[in-house]
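Here is the structure we will look at, set down as structure tokens.
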Amino acid sequence: MKFIPGVNRTMAGVENRQPRQTGPQVSSAARQAAAAREPDALYQRGRVVARVGQAEIDLEAKELRIGEIYKSEELLIPEECEFQQYRILIQRIAFATTIDKAATHKGRVLRGVTADILGYREH
């Protein structure tokens, strides 16, 4: 084959096409739903398992300090969680109760919680 500047050559019988995507197809609505998470929620396995109040993020110490976690009956404490864009692991709980006379609607309440920031969650 002779080289001619400015002429695009292809191999005979081979089409020029875009690479095909493999794996499951994710709709744009599903991607937006995954990205639009509630800012005060803790997630495990893609589900809301608890609510957070008074959160303080310390990136230098790689810690998340939480004043209160409530509605946490489904939260599995020894497992990794997601909060906002972070992956976290709860390390310390100062106080835990299932009966808060001041707010019975809050379910299991954890106070004075410290969690390690493991990294950023995948979108």
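Read the figures in this text as sums done on the coordinates, not as results from a lab. Quantities reported herein were computed from a predicted structural model and do not represent experimental measurements. All Cβ positions, glycine included, derive from the backbone under ideal geometry; neighbour counts span all protein chains shown.
Mind jotting down the three principal axis lengths of the range 38-120 based on Cα atoms? Whole angstrom, largest first.
Per principal axis, max minus min of the Cα coordinates gives 36, 25, 22 Å.
So how do 72-78, 117-123, 86-92, 107-113 stack up, highest first, on mean other-Cβ count within 10 Å? If you can, show how the numbers build up before the last one.
Numbers: 72-78: 14.0, 117-123: 12.1, 86-92: 16.7, 107-113: 18.7.
Highest-to-lowest ranking by the protection proxy: 107-113, 86-92, 72-78, 117-123.
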